[in-house]
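Q: Dumping the structure here so I can ask a few things about it.
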Amino acid sequence: MQEKLLEVENLRISFSTGDSLLEVVSDVSFDIDHGQTIGIVGESGSGKSVSARAIMQLLGNNAEVGSESVIKFNGEDILSKSEKEMRRIRGNDIGMIFQDPMTSLNPTMKVGKQISETIRIHENASKKEAAARAKEIMRLVGIPNVDERFDQYPFEFSGGMRQRIIIAIALACSPKLLIADEPTTALDVTIQAQILDLLKDIQEKTGTSILLITHDFGVVANMCEKIVVMNQGRVVESGTTSEIFTSPKEDYTKKLLAAIPNLHEEKSPESKEKLIQIYSGTREKLMEVNKLAKHFPIGRKNTLKAVDSISFDIYKGETLGLVGESGSGKSTTGRTLLRLHEATSGETFFEGEDLNTYKKKQMKEMRKKVQFVFQDPYSSLNPRKKVEDIIGEALDIHKLAKSKKLRRERVEELLTLVGLDKSFSQRFPHEFSGGQRQRIGIARALAVEPEFIVLDEPLSALDASVQLTIVDLLEELQRKLNLTYLFIAHDLATVKKLSDRVAVMYKGQIVELTDSEELFTNPMHNYTRKLLSAIPVPDPHYTATDASFSHDDSVEISLEGQTLQEVKANHWVMQ
Amino acid sequence: MLKFLGKRLVQTIPVLIGVTVLTFSMMLLIPGDPAQIMAGESASPAQLEAARERLGLNDPVPVQYYNYVSGVVRGDLGSSIRSGRAVSTEVFGRLAPTVELAFYSTLVSVFIGLIAGVVSAVRRYTFIDSTLMIGALFGLSMPNFWLGLMLIQWLVIGTGWFQGFGWFQASGWGTPQQMILPVITLGTAGSAIIARMTRSSMLEVIEQDYIQTARAKGVSEKKVIYKHALRNAMVPVVTVVGLQFGSLLGGAVITETVFAINGLGRLIINSIRARDFPIVQGGVLVFAFLFVFVNILVDIIYRLLNKRIDLN
């Protein structure tokens, strides 16, 4: 029998925090065969990344690995190796890919050098040989114009291209094991599909084993042969991919699987009722947007058309989803709508009144009716303020609380409304989890009793199971308070669940606009179809049916001379 | 690069104009009548009037400014009241020791500051780190005239330990023995600032993801620090060095006085005492030009270090 490539047994890792030891990984065991791909799936704080770092011995000084733990790589005991011996393994036998391509490359070093550096360290190669090898690997990972790009700096590359460079660095010495720590989490869905394709392709060509760490079941379904599910530092369950998907044993695994948004779920009767009213014209319009455009000057000569003449309506009580990838102009649209940016041209009507004619005082009145919930629950709450003051500030600005006592009561009421304990009002943001913080953010938005809330990617920073609870909360609040949402997101799956209608944005334009069920069952614009086909399908037995879409970026979708037209009742497509 | 340089030079024009406006208005703001100072206290009204005419003080202010600037452009900064010699001769004759002093002090403070900062950051929260940072705090807190005097007291006069070796001399400029103490005096505060800046900048960079990437490649810790971290950490440090050079020029005024160095700083101090205003005016102008020039240099280094600035 051939030996396993990697064996991890009883891995226990603690971090010292001041005087006490905090155990973050307990009793974790798994193994990887030669040429195998396994996935470690878990939510944030599950200890999955820390376990991977332990394999590389890159834990830092304050970490301690338990004495009973064993990590064997290629039959050799990793934990007993000296730092010098480890350096020979890192980058040579084990390559590592990190999550965020924007920060994982040295900004002051040419990318070619960053790749050839690995080769120069581990192999007795001359500068020239190493450069030639590096270029070869750049071609392997699909970077065009290698000779030219070799001497460029990271800032000259897009996120997807940078991730390819990082993969190239990891692959430079043909490692036996590739550890990919959330390699696609920071990327757009179409880029994610490209990178996953690339990883599969590389495995076929080089025969390396891959340890894929992710929070996303969709990503592992089609990549991995085996899955290890982790929670709070322990292995909950492990097995082959189809075992885990078809007959999960543990409740936690079931819960995670249930949190995967279902694209084929039918919309609620309530939502259908709303659509009938919208389409028959019996529902009131809240906002009317007419040829709105926002251009930013770049330097003296060029302009960036972030939003390029878009028109749509938002009806009272509905959720309009606005989907697009980074740079599509979706956030700018949200901001320009509320005059947080001044529009370059176009009109916006709020309850029938032209916002452009509003003076400062009227805008302040209007802002009371309109609120924002931001993407990052970690940076959008002032860390030095108590929850009571964070939520209460909005009350103060609009003078809605007559006394300190009433203010506190109102804050507590809001906390209860978003499903938090009212005693939380006296705590500071750092004491809360991401999901709880986002609830605080929502409570802050609700403080002034708005009619309309712009939700700017409120779920992207949260774990899947937490996302689900926030979506439920938002739906419930909409029902209770008759709120209207503009839901901005890059993730089609969550958009589907929350939105009544969806607009797809691409290059500053709306390319398709219809109700969400129609969009998912009958996507018409090429870009929408590309987006949909890029969503990783959380089903191990699924093979792509729409093979016409290679996830190749080089196929530009042109919008030249096209306009948004109603091609079918209530289904608008750019053509 | 040339385009950038051209642009940067054009940008300095308004700054230089501002500088000439300020030095010019010094003349107008002097308490008392410049002509009176020139002609002496016992001058008759006729002599006063002649002095006034000679200085152009009867012209309207804009004309006076125009004359002043055209003089500056031609290198004519007027003439000294005391010696009667051209200000430019006096000032440039004394420039070398000052620039040398500032330059060596910068070198020393960059050298010491970088090493101390990097060591401190790498050995964070250890005894070495605390020692270095407490040292830096002292270096920062000591006024340099006091430090200069103490160095003279200990190393030249006081304990006798160093006496007779002739290693250190407390006056003059040119030989290494004369230069060591002033350079230490002037460079100490700079070392301290650069050390602290380097430390915090390094600590920030070490936490970055790309340092993790480098470690995962198998790069040795030493190379991680010097090849990957330091260059990125240098970017904010370079800015500080540039600003530091400016304050060194100012500090030179004091240090030169303490160590009796015949530099520009001492010339300015003596001229203030003697109310020799054209010299003061010329000296300040030269200092300001130097400062502007050094900051252009810093911008160039900054760009070489950080290619991303190309975009802007």
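Q: What is the mean number of Cβ atoms from other protein chains located within 10 Å of the Cβ atom of each residue in peptide A:92-102, rounded to a whole number?
A: Partner-chain Cβ atoms within 10 Å, mean over residues of A:92-102: 2.
Q: How high is the FRET efficiency between B:L107 and A:E431 when r is their beta carbon distance and R₀ equals 51 Å, given to the nearest 0.05?
A: Efficiency, rounded to the nearest 0.05: 0.55.
Q: For A:A125 paired with B:S130, estimate the spin-label separation in nm (one decimal), with each label point 7 Å from Cα along the Cα-to-Cβ line.
A: It works out to 4.7 nm between the two label points.
Q: Further question on the same structure: Give the separation of the Cα centroids, region B:186-227 to region A:287-303, in Å.
A: 41
Q: Could you check the spin-label model distance between A:K255 and A:K361? Points 7 Å from the Cα along Cα→Cβ, value in nm.
A: It is 5.3 nm.
Q: Starting from the Cα gyration tensor of region A:151-219, take the square roots of the eigenvalues, sort them a ≥ b ≥ c, and report rounded, prolate or oblate (rounded when a/c is under 1.5, otherwise prolate if a/b is larger than b/c, else oblate).
A: oblate
Q: Could you give the length gained on full extension between A:L481 and A:E449, defined as 0.36 nm per residue of separation minus the Cα-Cα distance, in nm?
A: 10.7 nm
Q: Counting only other chains, what is the mean number of Cβ atoms within 10 angstrom of the Cβ of each residue in peptide B:222-232?
A: The shielding value for this peptide is 2.
Q: Something else about it: May I ask for the distance between the Cα centers of region B:80-130 and region B:1-65, given as a whole number of Å?
A: 30
Q: I want to verify the translational diffusion coefficient of region A:293-410 in µm²/s; compute it with Stokes-Einstein, Rh as the Kirkwood radius over Cα pairs, at 20 °C and 1.002 mPa s.
A: 126
Q: Turning to a different aspect of this structure: Mean projection of the alpha-carbon convex hull of region A:101-172 over all orientations, in nm²?
A: If you wrap the Cα atoms of region A:101-172 in a convex hull and average its projections, you get 4.1 nm².
Q: Excluding the sites themselves, what is the longest stretch of chain B that contains no chymotrypsin sites (Phe, Trp or Tyr not before Pro) in a DSSP loop with at most 14 other C-beta atoms within 10 Å?
A: Excluding the exposed sites themselves, the longest stretch runs over B:168-312.
Q: Now, a different point. Amide H neighbours of A:L6 under 5 Å, counting only residues 5+ apart in sequence or on other chains, H built in-plane at 1.01 Å?
A: So A:L6 has HN proximity to A:I32, A:N74.
Q: A follow-up question, please. Pop the C-beta distance of A:I276 and A:T103 into the FRET formula with R0 = 45 Å and round what comes out to the nearest 0.05.
A: For A:I276 and A:T103, the calculated efficiency is 0.40.
Q: Enumerate the amide H contacts of A:L11 below 5 Å, restricted to partners 5 or more residues apart or on another chain; note that Pro and chain-start residues carry no placed amide H.
A: Under 5 Å from the amide H of A:L11 lie the amide H atoms of A:D27, A:V28, A:S29, A:V70, each far enough along the sequence or on another chain.
Q: Expressed as a rounded percentage, what relative contact order does region A:413-505 have, with Cα pairs under 8 Å and six or more residues apart?
A: After rounding, I find 26 percent.
Q: Same structure again: So between B:N58 and B:I301, what do we pick up on full extension, going 0.36 nm a residue minus the alpha carbon distance?
A: Here the answer is 82.8 nm.
Q: Take the Cβ-Cβ distance between A:N145 and A:V567 as r, set R0 to 45 Å, and report the resulting FRET efficiency rounded to the nearest 0.05.
A: It comes out at approximately 0.70.
Q: Could you order B:L16, A:L559, A:L22 by accessible surface area, starting with the largest, using a probe radius of 1.4 Å?
A: Final ranking, largest accessible area leading: A:L22, B:L16, A:L559.
Q: Another question, if that's okay. Can you give me the solvent accessible area of A:T206 with a 1.4 Å probe, rounded to the nearest 10 Å²?
A: Here the accessible area works out near 80 Å².
Q: Under 11 Å from a point 7 Å along the Cα-to-Cβ line of A:N10: which residues of region A:65-91 have their amide N that close?
A: Output list for this probe position: A:66-70.
Q: Under 13 Å from a label point 7 Å along Cα→Cβ of A:I557: give me every residue in region A:525-544 with its amide N that close.
A: A:525-535
Q: Something else now. To check you understand DSSP bridge types, tell me what percent of the beta bridges within region A:269-574 (both residues inside) are antiparallel, rounded to 5.
A: 60
Q: Evaluate the distance, in nm, between pseudo-label points positioned 7 Å from the Cα of B:A50 and of B:L29 along their respective Cα→Cβ axes.
A: For B:A50 paired with B:L29, the spin-label model returns 3.3 nm.
Q: Which length gain, in nm to one decimal place, applies between B:I269 and B:F293 when the Cα-Cα distance is subtracted from 0.36 nm times their residue separation?
A: Extra length from B:I269 to B:F293 when fully extended: 6.3 nm.
Q: Pull up the DSSP beta bridges for the protein assembly as shown and report the antiparallel fraction as a percent, rounded to 5.
A: That works out to approximately 60 percent antiparallel.
Q: Placing +1 at every Lys and Arg Cβ and -1 at every Asp and Glu Cβ, with all other atoms neutral, what dipole size does chain A have around its Cα centre, in debye to the nearest 20?
A: Approximately 2160 debye in magnitude.
Q: Give me Rg/Rg_expected for chain A, where Rg uses Cα atoms only and Rg_expected = 2.2 N^0.38 Å with N residues.
A: That ratio works out to 1.04.
Q: A further question follows. For A:Y506, which sequence-distant residues (separation of 5 or more, or a different chain) have an amide H within less than 5 Å of its own amide H, given hydrogens modelled in the peptide plane?
A: Placed amide hydrogens put A:V511 under 5 Å from A:Y506.
Q: Would you mind checking the radius of gyration and Dmax of region B:95-262 based on alpha-carbon positions, in Å?
A: In Å, with Rg to one decimal and Dmax whole: 18.2, 57.
Q: Something else now. Take A:K404, A:K291 and sort them by solvent-accessible surface of the protein heavy atoms, 1.4 Å probe, largest at the top.
A: A:K404, A:K291
The values are calculated or read from the model by the stated rules, or taken from the named source; none is laboratory data. Quick caveat: nothing in here was measured; it's all calculated off a predicted structure. Note that we place each Cβ from the backbone using ideal geometry, even for glycine, and neighbour counts take in every protein chain shown. Heads up: the accessible areas ignore ligands, DNA and RNA and are worked out on the full protein's heavy atoms, side chains in. Shrake-Rupley method; radii C 1.70, N 1.55, O 1.52, S 1.80 Å.
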